[in-house]
Structures are given as C-alpha cells and as structure tokens.
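Everything below concerns the one structure shown next.
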Amino acid sequence: MEFDVVIVGAGPAGLSTACHLMQLAKQAEQELLVCVVEKGSEVGAHILSGAVFERRALDELFPDWKERGAPLTTPVTEDHIYLLKDDKKATKLPNLIVPKTMHNHGNYIVSMGNICRWLATQAEELGVEIFPGFAASDILYNKDGSVGGVITGDMGINAKGEAKDSFMPGMELKAKYTVFAEGCRGHLGKQLIKKFDLDAGKSPQHYGLGFKEIWDIDPTKHREGLVVHSAGWPLIDSSGGAYLYHAENNQVLVGLIMDLNYSNPHLSPFDEFQRLKHHPVFAQYLEGGKRVTYGARAIAKGGFNSLPKMTFPGGLLLGCDAGTLNFAKIKGNHTAMKSGLIAAQTLFEELKNTETSGGKDLSVYADNFKQSWLYKELFTSRNFGPAIHKFGTFWGGAFNTLEQNVFAGNLFVTLRDEHNDHEQLKLAVDCNKPAYPKPDGILSFDKLSSVFLSNTNHEEDQPCHLKLLEPAIPITVNLAKYDEPAQRYCPAGVYEIIDNVQGEKALQINAQNCVHCKTCDIKDPTQNIAWVVPEGAGGPNYPNM
C-alpha cells in the first residue's frame, strides 16, 4: 500500500501531525494520502498519561475544540504541592517557593486516551486512514538508504516461528515520508537514532517509570479540579515525585514517577508506589474508595539536552519518541502535539510539489522547530532534570525555583547529566534491601492483581517479544552482580528467577503480562533485553488512561 505519509503511532504527536497535514491539504485543495498505524487494539488502548493537560497546541490545531466536543471538562481549580518527610509527615509548600512551571492555572485534568480517541475521529473526518491493531515491526528502506515506509508484523506465527492456520503476512506500507511517533523508547525510533547517529553530541536520554491508578472515591472526599503533587518520601534512594488529580465523576488519578537512574538494584518502583498510597496526604482521599484501573509506562525526561536530531532521509522522529517532554512541567502531551504541528507544516511545504518522490532529509524542520514556542519552552527548562540529578530533590528543587521564578529559565549556566541510566546500578552486596510492607488489599496491592486491571492480553502462542541478546547473561551477570533487578523494576511481573528442571537458576519471561512500559529495554544493566513489538493488538487495553 502506498501513501504520501505514513505515521507510526496514534498518540498525540502522530494524530496531531495527521490532522494538521490534512487541514493544510484541504486549504490548498490538494489530495494527500495519509495513514496512521497503531499497535494497540484501538486508538487509546496503549495511551497512559497523568494527565494535567496544557491546551496551547490544541488551541492551534482546533481553535473550536470545545464546539467539536473535545473531552476537556475538568479545569484545574487548586494546586497543592507537598514535601513528604517520611511515611506520616509532610509540609505543604507555598506557591512562592514552587517553580512557576508547576503552576496549573488554565490547564485541564484529562484522560489522554480519550483525547487521542477524539483526535482520531477528527483525523478520520479529514480523510486520514487509521489502522489500529497493526504493529509496525520493521523499517522499509529505499535503495539509496532513505526510509521508505514500514512493514507491519506477521500475524499467526507460533512460538517456534512457524506459520499457524491463522497466518496473515505483514504489509508493506510505503510512503514518501514516514513519521515515527511511537512514544517513549519506540523500538523503531531506537533503531533510527542508532542508524543515522541522531544523538551525536547530545546528552544521553534519561527516563522515569510512571505509574497510574484510577480510583472511585467517596463523593464527600472528592474535590473536582484539585491537583496534588509531592516530592520526597518514599523515594529516599531515588528521585521523582507523585501526583493525585481529582477528575470528574468522583474519580481520582493517583500515581508515582520514579527516575530510572537509581543505583540500588534492590529497589522496586512498583512497591514504592504501593506504599506511597498509605501516606496521609494520599490515603485521606483513597480510604473507602475502590481501585478500578492500573497501568505503567516509561517517560523520556532528558529534555532539551538529550533531544536528538529529529529528521533523517525519508522521515521524522516526533514527540516522546524523540523526547520532547518538558519535565519541569511534568507534561509532554502539548509538546508532543506541537512537534506534530511543526512536522505537518514542514511535510506539506515539501509535498506541495506533487512531483516529489520523497526520501529527503527535511532539515528545515530544525529551523521551524527553533522558531517555535516549543524550542523556547524546552530550552528554558533544560536544567531542571540535571539539577535534581546533581544536587538531589531538595537542593535541586531550590535551584530550579531560583532559575524558573527569578531568571525565567535563562540562567547563564547549562547543567548536564552525561551518565546513562542503565549504568548507575551498584553491586547488590553493597546495597541495603528495602523492607517493603505486604499489600493490604485496601490501598496497596500485588503486581498480578494490578496487571489484571490493565486488561493486558497477548496471543500466547507467538514468539516472545522480549528478546535476550545473550540468553546466559541474566544468570551469569545480572543475578550474580545485581540480584537480577528485572524481577523488581518490571511493573508487571514479567521477569522471574526460578529453579529449572535441572535444579539451576533460570530467568522465566512471562511475556503475556507485559504492559509495554519499555522499562526492561531501558534499565537492564547490560542492555541485553531488546523490546520488539508483539503481534498487533496485544498488550494493555486501557479504557481511559
């Protein structure tokens, strides 16, 4: 199948690109063939975000979004930020000593899954073809080495690699230009960065693991529009923060983001999140409520200093696939959308020439990007993450407050973190084991019951999509040195150390549980795990995350 533009990923970046490209074509009365391929069972099935949403890019894309029925119905009414000192005590911080980037006046508490479903409807009305349930498994290259599209994965292959009765071969989706908007640590984006050396001269990308649960709570405790953020406990040996947002319909969205540069291999991000909910700041709202949904997803938080070159021959790398999230705001949806709007403008300027065969490196995108508010926003937030990594939560926070509130992000110094997250683990014997409390089944829960609430499902008889480059390393290196941290950093119980039939230690991979968070691909200390796409439509089926 041949198109003018193929877009990989029906998230905010990909769908914004599709919508704006078709808007420009319609204005010019030019016909374009644009398709979006999405690995989730439906648009939104793999979308997970907090989320407090900034409208700036949406206002540009659809100024009449309210009349069009966009699902933005809960404006932020209050901002509370706490420093948690231990499992009981907390100090509420006055707005004066909080970075301005953390203020949320004018923003909305939303479900990004629902916003993406709405964006997909707008795209289809504009003439975009959307193919959910099809995973882009490989990149299609032209003879000259430029990107010429993608190949979707074969369906109906058994665990041995043989065709089943249900076999259906993948499709070649050819395009003049291909946009990669897979989200954080996209497996094709990772390949493109390496092949075209897109991160040359840049700081390494840095990541966090974000958790989210949706709770139905007691209506008498619900304060629609209240936004709560916290730093400090339980992240004593790591950095990050927590959130609780009062959405509509007596629901709250609660979660934790833990930076993946932590050094203690015994840490369990999942258990840190579970014990967070027992703190009075959070428990006061959750007690008497019911958890209805769970999920987890890695975020790319390196920001401006880690942003790769976003163009290459035949395509563009956008949104969280590139790392456009603004960690100073803990927001990446509006920035992903803006990267898509800039891409659409750049692509249309090229495609106005109907004779073009594509395949060029649209380097003018970098100029358009630099002239946009997105560049300024990321530049003025460039020190936020490195400051916390260098100085810790308290002093890093103080530095960020000074830079953002006094210097508006234009301090003369640029801080950098040049260390890869996966290289930070210390030996297990040199680290203390945290004493995590057992889940009580009221506020805290185990991994398997949590994964159940993510509606995760994969066809069981298929090749494992979690590839070990060297099968022996999990035992000979990771277990021996780090007590195999995959047992703990995975938020879905995918990795287990078991005794095999020979009575020897072995790594068991429960790929059926995978929620596609990409943490294993990021944090494995030997970079021995390669996450690739499973059969299309596999993975979580988030309803409104």
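Keeping to the range 84-100, report how many residues are touching a Gly at 6+ places or on another chain (Cβ under 8 Å) and either within 13 Å of Gly44 (Cα to Cα) or at pLDDT below 95 (or both).
1
Can you find a residue that is at pLDDT 95 or above, open to solvent by 30 Å² or more (accessible area, probe 1.4 Å), at negative phi and of a type in the set (Lys, Arg) anywhere in the range 444-456?
yes
Scanning for something surrounded by fewer than 22 Cβ atoms within 10 Å (Cβ to Cβ) and among the β-branched types (Val, Ile, Thr), does the range 233-243 turn up at least one residue?
yes
Among the strands (runs of 3 or more DSSP E) confined wholly to the range 1-94, which include 2 or more residues that are small (Gly, Ala, Ser)? Show your work before the answer.
Details: elements: 2-8, 34-38, 78-84, 90-92.
Hits in the range 1-94: none.
Anything in the range 244-257 that is out of contact with any Phe, Trp or Tyr (no Cβ under 9 Å at 6 or more places or on another chain) and either open to solvent by less than 30 Å² (accessible area, probe 1.4 Å) or more than 13 Å from Thr74 (Cα to Cα) (or both)? List them, or say none.
Of everything in the range 244-257, those that are out of contact with any Phe, Trp or Tyr (no Cβ under 9 Å at 6 or more places or on another chain) and either open to solvent by less than 30 Å² (accessible area, probe 1.4 Å) or more than 13 Å from Thr74 (Cα to Cα) (or both) turn out to be Tyr245, Ala247.
Taking Gly409 as the residue in question, decide whether it is touching a strand residue (DSSP E or B) at 6+ places or on another chain (Cβ under 7 Å) and surrounded by 19 or more Cβ atoms within 10 Å (Cβ to Cβ).
Details: touching a strand residue (DSSP E or B) at 6+ places or on another chain (Cβ under 7 Å): no; surrounded by 19 or more Cβ atoms within 10 Å (Cβ to Cβ): yes.
When the stated conditions are applied, Gly409 does not pass them.
Would you mind telling me which numbered condition in (1) part of a loop (DSSP other than H, G, I, E, B); (2) over 28 Å from Gln527 (Cβ atoms); (3) touching a helix residue (DSSP H, G or I) at 6+ places or on another chain (Cβ under 8 Å) Glu182 fails?
(2)
Residues Gly493, Gly503, Gly536: which one is open to solvent by 30 Å² or more (accessible area, probe 1.4 Å) and assigned to a loop (DSSP other than H, G, I, E, B)? Reasoning before the result, please.
Values: Gly493 fails: open to solvent by 30 Å² or more (accessible area, probe 1.4 Å); Gly536 fails: open to solvent by 30 Å² or more (accessible area, probe 1.4 Å).
The conditions single out Gly503.
Checking Ile522 against (1) out of contact with any strand residue (DSSP E or B) (no Cβ under 8 Å at 6 or more places or on another chain); (2) outside any loop (DSSP other than H, G, I, E, B): exactly one of these is not met. Which one?
So the condition that Ile522 fails would be (1).
Would you pick out the residues in the range 468-490 that are more than 26 Å from the chain's Cα centre (by Cα), free of Cβ contacts under 8 Å to residues at least 40 places away in the same chain and not in a helix (DSSP H, G or I)?
Within the range 468-490, Pro471, Ala472 qualify.
Identify the single condition in (1) touching a residue at least 12 places away in the same chain (Cβ under 8 Å); (2) in contact with a helix residue (DSSP H, G or I) (Cβ under 9 Å, 6 or more places away or on another chain); (3) open to solvent by 50 Å² or more (accessible area, probe 1.4 Å) that Lys89 does not satisfy, given that it satisfies every other one.
Only one criterion is unmet by Lys89, namely (1).
What are the pairs, 6+ residues apart or on separate chains, where a residue within the range 447-467 that is closer than 14 Å to Ile157 by Cβ has its Cβ under 8 Å from a residue that is polar (S, T, N, Q) and open to solvent by 50 Å² or more (accessible area, probe 1.4 Å)?
Final answer for the pair search is His458/Gln512; Glu460/Gln512.
Give me the strands (runs of 3 or more DSSP E) completely within the range 111-177, filtered to those with at least 1 residues that are within 30 Å of Leu253 (Cα to Cα) and open to solvent by 20 Å² or more (accessible area, probe 1.4 Å), ordered by residue number. Walk me through it before giving the result.
On the way: elements: 129-132, 136-141, 147-152, 155-157, 163-168.
So the answer is 129-132.
For Asp440, which of the numbered conditions (1) part of a loop (DSSP other than H, G, I, E, B); (2) in contact with a His (Cβ under 9 Å, 6 or more places away or on another chain); (3) within 25 Å of Lys190 (Cβ to Cβ); (4) among the acidic types (Asp, Glu) fails to hold?
Of (1) part of a loop (DSSP other than H, G, I, E, B); (2) in contact with a His (Cβ under 9 Å, 6 or more places away or on another chain); (3) within 25 Å of Lys190 (Cβ to Cβ); (4) among the acidic types (Asp, Glu), only one is false for Asp440: (3).
So which residues in the range 365-383 are open to solvent by 20 Å² or more (accessible area, probe 1.4 Å) and either hydrophobic (A, V, I, L, M, F, W, C) or more than 30 Å from Leu347 (Cβ to Cβ) (or both)?
Ala366, Trp373, Phe379
Out of Lys331, Lys360, report the one residue that is open to solvent by 20 Å² or more (accessible area, probe 1.4 Å), in contact (Cβ under 8 Å) with a residue 24 or more places away in the chain and of a type outside the set (Asp, Glu).
Values: Lys331 fails: open to solvent by 20 Å² or more (accessible area, probe 1.4 Å).
Exactly one residue qualifies, and that residue is Lys360.
Just checking, does the range 34-46 include any residue being buried (at least 18 other Cβ atoms within 10 Å of the Cβ), out of contact with any His (no Cβ under 8 Å at 6 or more places or on another chain) and over 24 Å from Pro543 (Cα atoms)?
Checking the range 34-46: at least one residue is buried (at least 18 other Cβ atoms within 10 Å of the Cβ), out of contact with any His (no Cβ under 8 Å at 6 or more places or on another chain) and over 24 Å from Pro543 (Cα atoms).
Quick check on my filter: what residues within the range 457-467 are open to solvent by 40 Å² or more (accessible area, probe 1.4 Å) and in a loop (DSSP other than H, G, I, E, B)?
Within the range 457-467, the first condition is being open to solvent by 40 Å² or more (accessible area, probe 1.4 Å), and the residues that meet it are 457, 459-461, 463-464, 467.
Glu459, Glu460, Asp461, Pro463, Cys464, listed by residue number.
Can you spot a residue in the range 509-519 that is part of a helix (DSSP H, G or I) and surrounded by 23 or more Cβ atoms within 10 Å (Cβ to Cβ)? Show your work before the answer.
Going through the range 509-519, the residues part of a helix (DSSP H, G or I) turn out to be 511-513, 519.
Those still in the list that are surrounded by 23 or more Cβ atoms within 10 Å (Cβ to Cβ) too: 519.
Yes, there is a match, as at least one residue in the range 509-519 is part of a helix (DSSP H, G or I) and surrounded by 23 or more Cβ atoms within 10 Å (Cβ to Cβ).
Considering (1) of a type outside the set (Gly, Ala, Ser); (2) at pLDDT 95 or above; (3) open to solvent by less than 40 Å² (accessible area, probe 1.4 Å), say which one Pro386 fails and leave the rest.
Among (1) of a type outside the set (Gly, Ala, Ser); (2) at pLDDT 95 or above; (3) open to solvent by less than 40 Å² (accessible area, probe 1.4 Å), the lone unmet condition for Pro386 is (2).
Suppose we filter the range 262-287 for residues that are open to solvent by less than 20 Å² (accessible area, probe 1.4 Å) and among the basic types (Lys, Arg); how many remain?
Residues meeting the conditions: 1.
Mind checking which residues of the range 190-205 are open to solvent by 10 Å² or more (accessible area, probe 1.4 Å) and either among the small types (Gly, Ala, Ser) or in a loop (DSSP other than H, G, I, E, B) (or both)? Break it down into steps so the answer makes sense when it comes.
Initially, the range 190-205 is screened for residues open to solvent by 10 Å² or more (accessible area, probe 1.4 Å), giving 190-191, 193-197, 199-202, 204-205.
Selection gives Phe196, Asp197, Asp199, Ala200, Gly201, Lys202, Pro204, Gln205.
Taking into account only those residues within the range 95-110 that are outside any loop (DSSP other than H, G, I, E, B) and polar (S, T, N, Q), which is most open to solvent (accessible area, probe 1.4 Å)? Walk me through how you get there before you give the answer.
Just the residues of the range 95-110 that are outside any loop (DSSP other than H, G, I, E, B), to begin with: 95-97, 100-102, 108-109.
Checking the rest, the ones that are also polar (S, T, N, Q) come to 95, 101.
Details: Asn95: 85, Thr101: 19 Å².
Once the filter is applied, the top-ranked residue is Asn95.
What number of residues in the range 379-413 are part of a loop (DSSP other than H, G, I, E, B) and under 29 Å from Asn264 (Cβ atoms)?
Initially, the range 379-413 is screened for residues part of a loop (DSSP other than H, G, I, E, B), giving 381-383, 406-413.
Checking which are under 29 Å from Asn264 (Cβ atoms) leaves us with 381-383.
So the answer is 3.
The values are calculated or read from the model by the stated rules, or taken from the named source; none is laboratory data. On a predicted model such as this, the values are computed, not experimentally measured, just so you know. All Cβ positions, glycine included, derive from the backbone under ideal geometry; neighbour counts span all protein chains shown. Note: areas computed on protein heavy atoms with side chains; ligands, DNA, RNA excluded. Shrake-Rupley method; radii C 1.70, N 1.55, O 1.52, S 1.80 Å.
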